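Enquirer: I have a structure I would like to understand better, so I am pasting it below and will then ask my questions one at a time.
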Amino acid sequence: MLLTEIFNDITPIPQDDGPNPICQIDYPQEFDMAQSYLRAILQKKEYSERALQLTAYCLQFNPANYTTWWYRRQCLSALSEGHSENEYDHTRVVKDLMLCSKLGGGNPKNYQIWFHRRNLLEYTCKNYENGNGYLIQEELEYIAEVLNQDAKNYHAWSHRQWVISTTNSETIYKNELQFIDKLLQKDVRNNSAWNQRWFVTHCASKSPLAMETAQQELEYTLTKLKLDAYNESPWRYLLAIIKEQYRLNKNMEFVNQVLEWIQEVKVHFETETKRDWMTCIHLVAVYIDVLELKGDAESMDLALEYAGKLETVYDPIRKKYWKLRSSQLRG
Amino acid sequence: MASAEDDIQSRYSAGTTRYKSKHLISTESTRIQTSTENECQPFFIHIPSLDPSSKADLVRLGMLKEKNGEISPIIQLLREKHVKYANRPYTSPLPGSYISLDSSKPWIIYWTLHSLDLLDALPEEEDLCKIVSSLEACFATIQCNEKEGGGFGGSNGQIPHCATTYAAVNALSIIAGCSHSKVSSMAIELLESKRELLYNWYLSLREERIEDGALKCGYRMHHNGEVDVRATYCVFSVCRLLNILNADLIKGAMEHVVDCQTYEGGFGGEPFTTEAHGGYTFCAMAALMIIVGYRKDLNALSDCGVDVDALRDWIVYRQMGYEGGFQGRANKLVDGCYSFWVGGAVAMLGVDMHQSSTFRNHDSGIYSEIPDDIGMQRLYDDATSSLIDCEEGGLLCDQKLLQRYVLLCAQDVNGGLRDKPSKPRDFYHTCYNLSGLSASQHVLSSKPKNLGKSVGDGKLENDEATMYENEPENILHPTHPVYNIRVHRALQVISHFQKLEQL
């Protein structure tokens with residue numbers, strides 16, 4: 001049906017950019033007209049099925065229009081029977097998730113579409129145990145599909161983290177580790193997957209890992225470092241786990257063990273590649289950091305020597321940084 | 001003739017391939033990294049050894065300059081072309097493909113106006129008047145209810161949004177400081193008339209929670225919209241400029257932002273979950289800098305509970321060894337927009353380190369009386385006493401290599417700047433490449449003159465900038481790393497609204 005027929009009782013309101021417009025955009029005519037009807041019913045605060053349809057139509061042209069999304073949610077809310085905040089009728093949730101998937105296809109980095117999904121699922125996530133849990137599984141599968149296209153999509157990852165932490169189910173957390181491992185097998189440099197690993201092992205909190213889990217994580221990271229010691233991601237992960245444990249108990253035995261492990265990676269790297277290990281700047285940098293944790297005179301001297309080499313030969317782009325670190329190491 | 005310029009050129013062009021990224025196993029990440037380096041490589045040429053016809057081509061494009069019949073080997077900032085490009089929104093309607101920016105008009109205005117301002121080429125007063133009235137048309141109150149306040153939306157008829165409000169207020173602050181008295185007072189009056197509405201609206205965007213017995217508070221981007229650290233920055237930047245920041249708005253915000261620091265050291269968009277990212281790191285740091293400036297009991301980021309060493313380490317590794325520009329996350333590609341998001345973070349880090357060492361050395365607290373604009377004025381004055389060797393700039397990155405990336409890889413020869421050579425120019429990348437270039441030229445550089453005082457619009461504010469190659473015509477006006485408008489504009493707006501009563 002034509003817009004003019006569906007809205008024959010409404011007088012469209014054209015866009016008003018003031019008397020001296022700038023930044024004008026040549027809108028397609030269909031969009032301009034639909035948007036004029038939308039302005040009119042928005043002003044009337046009409047929350048109806050036809051309003052829902054009109055928002056979907058307008059969003060096809062511009063899915064970044066947050067006002068249209070906001071109005072759509074108001075309609076959903078008014079037309080749903082639920083009493084809690086963001087508790088929409090189940091069929092409406094399913095339908096809107098489909099709309100989002102359709103619009104999201106060509107706009108994987110659009111804030112509004114991802115937020116709409118979050119809003120739709122908020123009630124279900126918070127009532128996971130006694131609600132439509134299958135929606136959550138489907139959502140995780142949908143996100144996995146998006147990540148299959150772009151393994152580092154920040155929006156997709158944020159959404160996934162939100163779904164998992166809001167649902168807060170032990171099984172979901174557990175299964176996530178396998179998902180992450182699959183991604184890291186595919187691309188060990190997927191830093192988003194490493195970040196997800198930290199998020200999952202820490203269950204979205206700042207409580208440090210238990211010693212046993214920390215050991216497991218260190219071992220896991222070491223296997224990845226032996227694959228490619230040039231890779232920054234596992235080094236940052238390793239260092240953060242070490243520092244977290246060190247802050248907890250200042251355990252020197254642990255620091256010594258870590259130093260041995262780093263040595264192990266270094267030797268492995270040298271035998272496998274026959275290259276100078278100093279070219280592996282992240283390896284050297286983490287080595288320096290852990291030597292600094294150890295803190296005895298011998299370790300500090302060694303750390304200083306390495307920092308000097310990075311400054312002058314191996315990492316000149318960070319020369320000022322290494323100069324500063326050296327002056328700190330000297331105390 | 002071996003000049004100093006030749007030295008720099010050979011250091012930065014010949015033989016730098018040894019700093020290309022290395023890997024032992026090939027994955028999707030390493031493949032696209034390698035192709036990005038290959039895409040940049042042709043731009044890193046050694047200009048003095050080019051043949052005459054190539055040099056002439058570069059002269060024709062404006063990339064090299066001919067002086068007295070001789071071709072200077074120094075790469076030029078394409079000022080006039082960038083000015084022409086950034087003026088597009090004010091000269092003709094934008095094509096239909098810009099439809100997705102229909103909800104971001106204040107952004108288009110801010111990106112282009114700030115670019116023009118850095119280039120010392122603001123539009124004529126007539127156009128500035130149109131801009132002010134267009135921005136005014138974007139202002140909306142909540143449900144037409146003045147008590148609930150309001151803000152600037154994406155265009156006329158849209159609900160207020162934190163990001164477009166930030167862009168609109170920055171644009172109006174730029175105009176407020178311009179030399180045309182009529183439009184300048186129009187902008188000031190508009191800002192003045194909206195202060196209370198903005199304040200009330202911001203209060204309604206607070207999203208408070210109690211965690212571990214502490215109040216934490218994020219901000220929503222708009223009513224029933226997403227909460228992330230961008231919102232906190234956008235709210236605080238506006239409030240600081242307009243002097244409407246108070247304890248009610250600050251309550252819990254620092255605790256929320258600090259929770260966004262990840263194990264890597266940088267900040268993500270949300271607490272305890274998301275990945276460290278250049279854009280969010282900028283927002284988090286800038287928001288905290290504003291809080292530090294406001295609260296007399298805090299002197300530095302470390303006082304907020306930030307792990308500054310981890311933050312510093314994360315930031316310094318974002319600079320790409322070969323390309324010289326910044327990436328936004330570990331194992332991602334260089335992108336010209338991070339010249340500012342990460343470049344601004346490097347600048348604030350420098351400010352913060354400088355500030356905290358000053359406080360350590362002066363336990364008498366004599367510095368606490370300095371006006372709370374993040375000590376920026378003092379920073380420029382004191383830059384020579386920076387912790388770092390100033391010869392190549394006082395920031396913890398290679399400022400010259402960053403500038404080289406912007407000048408060689410990010411400039412479109414038709415005007416405008418871009419993400420990387422294979423990407424098209426746009427207003428967003430134009431703004432943030434130029435902002436990054438400005439920050440790396442000026443922040444903690446040695447002694448710019450008359451920063452806080454009134455400087456005529458036509459005069460460049462600095463004659464001792466840090467530069468990739470010594471070319472005075474490549475110098476931009478200094479940008480303020482917290483608000484990202486010119487330092488001079490920011491200080492002027494702040495001092496104007498400081499005279500007004502706090503709400």
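The values are calculated or read from the model by the stated rules, or taken from the named source; none is laboratory data. Because the structure is predicted, anything quoted here is derived from the model rather than measured. Virtual Cβ from ideal backbone geometry, glycine too; neighbours counted across all protein chains shown. Calculation scope for accessible area: heavy atoms of the full protein, side chains included, ligands and nucleic acids excluded. Shrake-Rupley method; radii C 1.70, N 1.55, O 1.52, S 1.80 Å.
Enquirer: Working only within the range B:303-334, note down all residues that are among the charged types (D, E, K, R), at the interface with chain A (Cβ under 7 Å from one of its Cβ atoms) and either in contact with a strand residue (DSSP E or B) (Cβ under 6 Å, 6 or more places away or on another chain) or farther than 20 Å from B:Ala287 by Cβ (or both). Spell out the reasoning first.
Expert: Within the range B:303-334, the subset among the charged types (D, E, K, R) is B:303, B:307, B:309, B:312-313, B:318, B:323, B:329, B:332.
Those left that are additionally at the interface with chain A (Cβ under 7 Å from one of its Cβ atoms): B:329, B:332.
The answer is B:Lys332, and nothing else.
Enquirer: Given the condition closer than 28 Å to B:Ala171 by Cβ, within 14 Å of chain B (Cβ to nearest Cβ) and among the hydrophobic types (A, V, I, L, M, F, W, C), answer yes or no: does some residue in the range A:66-85 qualify? If you could, list the steps in order and put the result at the bottom.
Expert: Within the range A:66-85, the first condition is being closer than 28 Å to B:Ala171 by Cβ, and the residues that meet it are A:66-71.
Within this subset, residues satisfying the condition of being within 14 Å of chain B (Cβ to nearest Cβ) are A:66-71.
Next cut, among the hydrophobic types (A, V, I, L, M, F, W, C) only: A:69-70.
Looking through the range A:66-85, at least one residue is closer than 28 Å to B:Ala171 by Cβ, within 14 Å of chain B (Cβ to nearest Cβ) and among the hydrophobic types (A, V, I, L, M, F, W, C).
Enquirer: Only one of A:Ser299, A:Ser327 is assigned to a helix (DSSP H, G or I) and either on the phi > 0 side of the Ramachandran plot or open to solvent by 40 Å² or more (accessible area, probe 1.4 Å) (or both); which?
Expert: A:Ser327
Enquirer: Right, here's the next one. Pull out all pairs, ordered by first then second residue, where Cβ-Cβ is under 7 Å, the residues are six or more apart or on different chains, the first lies in the range A:287-312 and is over 12 Å from A:Gln328 (Cα atoms), and the second is of a type in the set (S, T, N, Q).
Expert: A:Leu291/A:Ser299; A:Gly308/A:Ser326; A:Glu311/A:Ser326
Enquirer: Which of the residues spanning the range B:211-225 are surrounded by fewer than 22 Cβ atoms within 10 Å (Cβ to Cβ) and either assigned to a strand (DSSP E or B) or not polar (S, T, N, Q) (or both)?
Expert: First, pick out the residues of the range B:211-225 that are surrounded by fewer than 22 Cβ atoms within 10 Å (Cβ to Cβ): B:211-217, B:220, B:223-224.
Correct list: B:Glu211, B:Asp212, B:Gly213, B:Ala214, B:Leu215, B:Lys216, B:Cys217, B:Arg220, B:His223.
Enquirer: I've got another one for you. Please go through the range A:109-123 and pick out each residue that is more than 9 Å from chain B (Cβ to nearest Cβ), in contact with an Asp or Glu (Cβ under 6 Å, 6 or more places away or on another chain) and open to solvent by 10 Å² or more (accessible area, probe 1.4 Å).
Expert: A:Tyr123
Enquirer: Here is a further query. Given the conditions (1) closer than 25 Å to A:His268 by Cα; (2) open to solvent by 10 Å² or more (accessible area, probe 1.4 Å), and given that A:Asn191 satisfies all but one, which numbered condition is not satisfied?
Expert: Evaluating A:Asn191 over (1) closer than 25 Å to A:His268 by Cα; (2) open to solvent by 10 Å² or more (accessible area, probe 1.4 Å) leaves (2) as the failure.
Enquirer: With A:Asp150, A:Asp89 as the choices, which residue is open to solvent by 10 Å² or more (accessible area, probe 1.4 Å), on the phi < 0 side of the Ramachandran plot, touching a residue at least 40 places away in the same chain (Cβ under 8 Å) and among the charged types (D, E, K, R)? Steps first, please.
Expert: Details: A:Asp89 fails: touching a residue at least 40 places away in the same chain (Cβ under 8 Å).
Just one listed residue meets the conditions, A:Asp150.
Enquirer: Could I ask something else about it? Can A:Thr221 be described as surrounded by 21 or more Cβ atoms within 10 Å (Cβ to Cβ), within 28 Å of B:Met320 (Cα to Cα), more than 11 Å from every other protein chain (Cβ to nearest Cβ) and not charged (D, E, K, R)?
Expert: On the way: surrounded by 21 or more Cβ atoms within 10 Å (Cβ to Cβ): yes; within 28 Å of B:Met320 (Cα to Cα): yes; more than 11 Å from every other protein chain (Cβ to nearest Cβ): yes; not charged (D, E, K, R): yes.
So A:Thr221 fits the description; yes.
Enquirer: If you don't mind, there's one more thing I want to ask. Inspect all residues belonging to the range A:220-242 and state whether any of them is assigned to a helix (DSSP H, G or I) and without any contact (Cβ under 8 Å) to a residue 12 or more places away in the chain. Walk me through it before giving the result.
Expert: Keep residues of the range A:220-242 that are assigned to a helix (DSSP H, G or I), which gives A:220-227, A:232-242.
Filter again for without any contact (Cβ under 8 Å) to a residue 12 or more places away in the chain, leaving A:220, A:223.
The answer is yes; a qualifying residue exists.
Enquirer: When the range B:63-109 is examined, which residues are found to be in a helix (DSSP H, G or I), away from every other protein chain (no Cβ under 11 Å) and crowded, with 19+ Cβ neighbours inside 10 Å?
Expert: Step one: filter the range B:63-109 for residues in a helix (DSSP H, G or I), giving B:79-86, B:88-91, B:96-103, B:105-109.
Then keep just the ones that are away from every other protein chain (no Cβ under 11 Å); that gives B:79-86.
Matches in the range B:63-109: B:His82, B:Tyr85, B:Ala86.
For every residue, the table says whether it meets (1) closer than 16 Å to B:Tyr199 by Cα; (2) open to solvent by less than 10 Å² (accessible area, probe 1.4 Å).
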{"residue": "B:Ala121", "(1), (2)": "no, no"}
{"residue": "B:Glu126", "(1), (2)": "no, no"}
{"residue": "B:Val132", "(1), (2)": "no, yes"}
{"residue": "B:Ala137", "(1), (2)": "no, no"}
{"residue": "B:Gly149", "(1), (2)": "yes, yes"}
{"residue": "B:Tyr166", "(1), (2)": "yes, yes"}
{"residue": "B:Ile175", "(1), (2)": "no, yes"}
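Enquirer: Step by step: first the residues of the range B:26-62, then only those that are within 14 Å of another protein chain (Cβ to nearest Cβ), part of a loop (DSSP other than H, G, I, E, B) and open to solvent by less than 60 Å² (accessible area, probe 1.4 Å), then the one that is modelled with the lowest pLDDT. Which residue is that?
Expert: By that ranking, first place goes to B:Phe44.
Enquirer: For the range A:14-53, how many residues are over 35 Å from the mean Cα position of the chain (by Cα), open to solvent by less than 70 Å² (accessible area, probe 1.4 Å) and facing chain B (nearest Cβ under 8 Å)?
Expert: 6
Enquirer: Please go through the range B:318-330 and give me each residue that is crowded, with 24+ Cβ neighbours inside 10 Å and either closer than 21 Å to A:Val286 by Cβ or of a type in the set (S, T, N, Q) (or both), ordered by number. Let's see the steps before the verdict.
Expert: Just the residues of the range B:318-330 that are crowded, with 24+ Cβ neighbours inside 10 Å, to begin with: B:318-320, B:323-326, B:329-330.
Those that are crowded, with 24+ Cβ neighbours inside 10 Å and either closer than 21 Å to A:Val286 by Cβ or of a type in the set (S, T, N, Q) (or both): B:Arg318, B:Gln319, B:Met320, B:Arg329, B:Ala330.
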